[in-house]
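Let me begin by presenting the structure, written as structure tokens, before commenting on it.
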Amino acid sequence: MDQIHSCQVDGALVLSRSGNEDLLLVAGGAGPLLAKELATHVIVSERRQGRTVRVQDVVPIAPGDKRLLSSFSLVVGWCFGGILCGSVQAWGAGRRPAGSRASVTTGVLLTYSVVAGLLGSLVARTLLNAVPGEFWALWALGSLLVLAVGALTFALYELAGALGIGLALLLVVVLGVPSSGGVYPTELLPTFWRAVGPSLPPGAGVDAVRSIAYFHGAGAGGPLRALSAWAAGCAAVILLSGGLASRVRPPAPQTGRRP
């Protein structure tokens, strides 16, 4: 059971020594569909051996988080908030002086990320009581996720202009949301989606929320490292592009008369 709570395995079959009824331990917090699929396969296999199985969910999901849809919706809301903030910053970037654009954008993204992480945690954890787990951990995760997506959106804008906003939507929405494992666990997804999902912000966010909500943070290291890499890498692109823009300035107009 300790291996289930530490996210090392998705389930465990305990064989009975005195009878023909075994015990299957599953973790609904890792994904109800995953637990159901695991139970179905084990029951069929045990039936062939003339044995029966009793299924016990040792990590049940919260009543307000049916099928983990509340956790998934929280992550999607944070991601869309990050895209919105990054897009708004891109829209106003041309109106700012080149020297201060990067610092102003970074400051706005940081501020918005902290506020969005707080509001999302308050609604999902406190007001709706839909997502369990430590409030401060959810707040920190939400802030990091929003910052990563917002910085990604603006960094792609700096590199590709308006096309960068479309690229951000492609990475986060078109590729990231379907492969995040929100509705269907990552283990049940096709090979391509299973490969790219955990490394994109939505997938990392879903994994981290589940870890905080149902496993006391176990297994959150990988998702948090992925989000930190997105946030740090994209912030570096923003700062570097701002520094280059401040150096490349048009020549000052000549107002004097010709001799």
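The values are calculated or read from the model by the stated rules, or taken from the named source; none is laboratory data. Here the structure is a predicted model, which is why all the values come from computation and not from measurement. In this analysis, Cβ positions are derived from the backbone assuming ideal geometry, glycine residues included, and neighbour counts consider all displayed protein chains. Remember, those area values only see protein heavy atoms, side chains included, never the ligands or the DNA or RNA. Shrake-Rupley method; radii C 1.70, N 1.55, O 1.52, S 1.80 Å.
Structural remarks
- Note: relative contact order over the chain, using C-alpha pairs below 8 Å and six or more positions apart, is 21 percent.
- In the chain, helical runs assigned H by DSSP with n ≥ 4 each contribute -39500 (n - 2.57); averaged across all residues and rounded to the nearest 500, the mean residue ellipticity at 222 nm is -19500 deg cm²/dmol.
- Per-residue SASA entry for ASP10, accessible area with 1.4 Å probe, Å² rounded to 10: 70 Å²
- Which of VAL108, THR52, VAL131, positive extreme of dipole for the stretch 47-173 (C-beta unit charges): THR52
- In this structure the stretch 105-177 gives 42 Å² per residue of accessible area when probed at 1.4 Å with all protein chains present.
- Mean shadow area of the stretch 1-95, taken as a quarter of the surface of its Cα convex hull (nm²): 8.7 nm²
- Normalising the average separation of contacting C-alpha pairs (under 8 angstrom, six or more residues apart) by the number of residues puts the relative contact order of the stretch 84-191 at 26 percent.
- Protein accessible area in the stretch 172-241, 1.4 Å probe - carbon and sulfur %: 72 percent
- Apportionment of accessible area to carbon and sulfur, the stretch 1-121, percent (1.4 Å): 59 percent
- For the chain, convex hull volume per residue from C-alpha positions, Å³: 118 Å³
- Normalised size of the stretch 20-67, defined as Cα radius of gyration per 2.2 N^0.38 Å with N residues, equals 1.23.
- Accessible area per residue for the stretch 1-86 is 56 Å², calculated with a 1.4 Å probe on protein heavy atoms, without ligands, DNA or RNA.
- Residue ranking by accessible heavy-atom surface, 1.4 Å probe, largest first, among LEU68, LEU118 comes out as LEU118, LEU68.
- Listed residue (LEU15, VAL88, ALA27) projecting farthest to the positive dipole end of the stretch 3-104, Cβ model: VAL88
- Within the chain, the selection of entire DSSP H helices by a Cα span of 15 Å or greater along the long axis and an average Kyte-Doolittle value of at least -1.0 returns 32-48, 69-93, 98-121, 135-160, 201-214, 221-247.
- In terms of overall dimensions, the C-alpha atoms belonging to the stretch 138-224 reach 41, 31, 17 Å along their principal axes, ordered largest to smallest.
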